[in-house]
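Data block below; observations after.
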Amino acid sequence: MKLWQNDMSHAMKQARDAAREGVVYALPAATDSFAPPLLMDVLGVHHVSINVDDVDPAIEFYVERLGLTRRTDRPDFGFGGAWLDAGRQQVHLIQAPPPPDGGQHFALAVADLDATIDELREAGIAVSDASPVGTGRQAFLTDPAGNRVELHQPA
């Protein structure tokens, strides 16, 4: 990053000095030689971790109500928890006090939001009405620990 900043700073100084002399000077285009180096190649989200005060009811909720699958390869970290599959991504439950609700949430993609809302409501789970967001639709619910979960149906 520093090399890129130094190269750009040098080019900008040349342009400023040329302008003082009445010479038109174009700054170099942002090519690979002037772009900051990529430090990593992000492939996607592997997992999200959420704190739950009681792991067993959280597992039941996420597996029995939301349809995630419990993994069996979680090592013993010395604290309670569980790893769940949500499609190709994972949700990690960590036994710890949940943080205060500040709007944080994660979203589960669903194929049919209306059917999902109906099914959850029939099971006694409070779910908001669906509302448009971007090109899709969303609804919200909370897990037994009070964590907010978005249900998202892409367009």
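None of the figures in this text is laboratory data; all of them are computed from the coordinates on show. None of these values were measured; they are calculated from a predicted model. Please note: Cβ atoms are built from the backbone with ideal geometry, for glycine as well, and neighbour counts cover all protein chains shown.
One table, with the values for the structure above:
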quantity: Rough spin-label spacing in nm, given labels placed 7 Å along Cα→Cβ, for His46 and Glu60; calculated: 3.2
quantity: Rounded if a/c under 1.5, otherwise prolate or oblate - the stretch 47-153, Cα gyration tensor axes; calculated: prolate
quantity: Amide H contacts of Val52 (H built 1.01 Å from N, under 5 Å, at least 5 apart or other chain); calculated: Ile94, Gln95, Ala96
quantity: Segment Arg148-Ala109, length gained on full extension (0.36 nm per residue, minus Cα span); calculated: 12.6 nm
quantity: DSSP bridge orientation in the stretch 34-155 - percent antiparallel, rounded to nearest 5; calculated: 60
